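Working notes, structure below.
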Amino acid sequence: MLDDNGIRPPLIAAGINLFGGPLGLLHRHVTGAIPIRRNTKDPAYLVTLKAYVAEIIKKHDLLFYPEGGRSYSGELKPTRLGLIGAALSAERRDLVIIPTAIAYDLVLEDHVLARQRVKKRQRPFTRELAEMVRYAVGYRSRAFVTFGAPMPVGDVDPQSRGDLLALTRQIRARIGALYKVLPTALFAAAMRPSITRRDLESRIDQLIEELAVKRANLGVTSGREAVEEAAEPLETRGIVVLERGRFRVRDRSVLRYYARTIEHLLVTTGRPH
């Protein structure tokens with residue numbers, strides 16, 4: 001899309017775990033991604049990375065994930081300070097952040113992530129990749145990318161931790177509001193262990209009303225529409241099953257993974273599913 005509109009593609013910041021094997025060749029020679037050691041605490045590395053990013057920002061656009069990596073629980077994670085602070089240290093008065101939200105009907109590694117739940121339980125990426133291949137059979141999904149208005153940040157003091165924390169909260173709020181609320185997420189958030197189609201549609205209608213008040217980026221406008229679009233892919237994925245006119249949960253952890261993707265938009269978090 002960027003290329004079609006004559007916009008120079010940005011450089012990409014990617015975790016070092018994505019630079020092994022064929023995937024590493026792709027990043028080195030095609031995407032031009034910058035390898036980031038996310039969890040290192042080596043002061044020399046962090047100072048060097050900060051200076052490097054500051055120099056890059058003077059000549060190039062930079063795309064990165066402010067959460068610092070994938071969400072293993074499905075929920076929107078807090079924004080991390082590292083690369084934002086590094087970009088601000090370039091001291092460009094014209095610096096802007098384009099908040100961007102990406103939502104999927106189905107996530108390829110949903111079963112893998114839902115079982116792990118937290119990053120520290122992560123297995124080697126090659127093993128995760130092998131499991132993803134298993135779940136890729138018959139996998140089809142849509143991706144929705146939503147761009148927000150530019151956020152001028154050239155006046156933010158990179159030396160002020162208070163200013164940086166306020167900025168990260170603002171970025172998270174902007175991205176959260178842009179996130180596309182898709183049928184699978186609504187279905188998961190409204191689902192009970194066992195529920196009739198009519199009751200499920202009614203519960204989703206209530207969620208949609210609540211989200212509409214908050215001006216959420218809704219992908220559907222009714223419970224009936226959400227169930228029509230979400231039921232089959234969730235059944236095919238082995239997450240729910242329709243038996244004798246009632247939807248029943250088959251994989252509770254994966255269902256919760258999808259429910260948590262819109263938890264930040266709801267008044268009451270931690271709803272039972």
Practice task
With respect to Pro78, determine if the residue is open to solvent by 70 Å² or more (accessible area, probe 1.4 Å), at pLDDT 90 or above, in a loop (DSSP other than H, G, I, E, B) and not acidic (Asp, Glu).
Solution key: yes
Practice task
Consider only pairs whose beta carbons are under 8 Å apart and that are at least six residues apart or on different chains; among these, list those whose first residue lies in the range 88-110 and is closer than 21 Å to Lys58 by Cα and in a loop (DSSP other than H, G, I, E, B) and whose second residue is at pLDDT 95 or above and of a type in the set (Ser, Thr, Tyr).
Solution key: none
Problem - Checking Glu55 against (1) out of contact with any strand residue (DSSP E or B) (no Cβ under 9 Å at 6 or more places or on another chain); (2) of a type outside the set (Lys, Arg); (3) closer than 29 Å to Asp251 by Cα; (4) open to solvent by 60 Å² or more (accessible area, probe 1.4 Å), the condition it does not meet - result: (3)
Completion exercise
Here the residues within the range 1-52 that are among the polar types (S, T, N, Q) and open to solvent by 50 Å² or more (accessible area, probe 1.4 Å) are Asn5, Asn17, Asn39, Thr48
Practice task
State which residue is surrounded by the most Cβ atoms within 10 Å (Cβ to Cβ) when the search covers only the range 213-228 and only residues that are within 21 Å of the chain's Cα centre (by Cα) and not in a strand (DSSP E or B).
Solution key: Ala226
Fill in the blank from the handout: Counting only residues in the range 175-212 that are within 13 Å of Leu265 (Cα to Cα) and among the charged types (D, E, K, R), the one surrounded by the most Cβ atoms within 10 Å (Cβ to Cβ) is identified as Lys180
Problem - Qualifying residue in the range 71-80 (condition: under 18 Å from Pro158 (Cβ atoms) and in contact (Cβ under 8 Å) with a residue 24 or more places away in the chain) - result: yes
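The values are calculated or read from the model by the stated rules, or taken from the named source; none is laboratory data. All values reported here derive from a predicted model rather than from experimental measurement. Cβ atoms come from the backbone with ideal geometry, glycine included; neighbour counts cover every protein chain shown. Areas reflect the complete protein model, heavy atoms only, side chains present, ligands, DNA and RNA absent. Shrake-Rupley method; radii C 1.70, N 1.55, O 1.52, S 1.80 Å.
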